[in-house]
1. Of all residues in region 167-202, count the ones that are closer than 20 Å to Arg227 by Cα and not aromatic (Phe, Trp, Tyr).
2. Hey, any hits in region 278-290 for a residue that's part of a helix (DSSP H, G or I), buried (at least 18 other Cβ atoms within 10 Å of the Cβ) and not aromatic (Phe, Trp, Tyr)?
3. As an exercise: evaluate Asp295 against (1) in contact (Cβ under 8 Å) with a residue 24 or more places away in the chain; (2) under 19 Å from Ala47 (Cβ atoms) and give the number of the one condition it does not meet.
4. Out of the residues in region 223-236 that are crowded, with 21+ Cβ neighbours inside 10 Å and charged (D, E, K, R), which is farthest from Phe211 (Cα to Cα)?
5. For region 249-266, give me each residue that is surrounded by 15 or more Cβ atoms within 10 Å (Cβ to Cβ) and assigned to a helix (DSSP H, G or I).
6. Which residues, counting only those in region 119-135, are more than 14 Å from Arg167 (Cα to Cα) and charged (D, E, K, R)?
7. What are the residues in region 184-200 that are out of contact with any helix residue (DSSP H, G or I) (no Cβ under 6 Å at 6 or more places or on another chain) and either part of a helix (DSSP H, G or I) or over 19 Å from Asp149 (Cα atoms) (or both), if any?
8. Listed residues Ala150, Ala220, Ala164; which is buried (at least 20 other Cβ atoms within 10 Å of the Cβ) and either touching an Asp or Glu at 6+ places or on another chain (Cβ under 6 Å) or hydrophobic (A, V, I, L, M, F, W, C) (or both)?
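A short reminder: the numbers here are calculations on the coordinates, not readings from a lab. On a predicted model such as this, the values are computed, not experimentally measured, just so you know. For neighbour counting, all protein chains shown are included, and Cβ atoms are generated from backbone atoms with ideal geometry for every residue, glycine included.
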Amino acid sequence: MKPNRSQTDTGISRRTFVWGTAGAALLAGPAEAQETVPTAEHGPHKAVLYSMLPENLTVEERLKLARDVGFEGVEAPPLTDPKEQERLRAAAESAGVRIHSVIYGGWDPPLSSPDPQAAAQSLKNAEAALRCAQALGADDILLVPAVVDAKTRYVEAYHRSQQAIRRLLPLAEQLKVKICLEEVWNNFLLSPLEFAAFVDSFRSRWVGAYFDVGNVVPFAWPQDWIRTLGYRIQKVHLKDFKGGPGLFGGIGGHFVNLLEGSIDWPEVRRAFAEIGYTGYMTTELAGGDAAYLRDVSRRVDKILAGG
């Protein structure tokens, strides 16, 4: 890995960085908001990760099961083989479900890698994920924008990922596939104000937020993030977490099934209603059989009902 660059080398001064991450989120106007409001009839819509469906079934059987237990959409892994892409899309259409998103990720390697070759490979992988999403008829890819660690300073991760995403934008616009950035345990975008400002910095309708309700629970309250991110939220992951933020850094807990953790689901549901979210909400849990998946589907119904 290369040694850390100076702050001057990154091209972002301290004043620019602080204002860009905190101030811009407060200045987004109604015209910008209107560009990225999720639109769907009679939503939100229930979806499930493809990886949650039983692996011992065929592609066609997995998609049919998703519909049978009550899901309208499926979030797929990135596929590079055109024949696999065609089969998955055809199976979804036959089953009456929609492949709405590609859960690309982008951790290994990240766009923020200090290794130029690794960063270039990450960009190439993200481009392939965008093309996969178009082939599947999906709206977007889920992208983890950067990783901050002992060898990658926060300001460097910010700058590198921002530059890389800007390089992806022409392809995203050409393919009509959005880049939805996720907040996750990557030591990056640690507040809703900063997350909002990062999304706004691209000034593009092809960049939005993929909000994971469970990921922020160890250090924050999801309803606060939802209300702050507002129209920027294009897609949602549902999972629950038992534990949460405490005084003086007292954080602990673990992921659990929906409605079994510390999340105030009625308040979360109210927050989504307030921002007018009508898009897909995708369960991101462990996989299981038909009985388990049907139970998960019912738990989502209860969340959507405000219970």
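1. Residues in region 167-202 being closer than 20 Å to Arg227 by Cα and not aromatic (Phe, Trp, Tyr): 16 in total.
2. no
3. For Asp295, the exception is condition (1).
4. Applying the filter and picking the extreme gives Arg232.
5. The one that is surrounded by 15 or more Cβ atoms within 10 Å (Cβ to Cβ) and assigned to a helix (DSSP H, G or I): Trp265.
6. Arg131
7. Hits for region 184-200 are Phe195, Phe198.
8. Going through Ala150, Ala220, Ala164 in turn, just one is buried (at least 20 other Cβ atoms within 10 Å of the Cβ) and either touching an Asp or Glu at 6+ places or on another chain (Cβ under 6 Å) or hydrophobic (A, V, I, L, M, F, W, C) (or both): Ala164.
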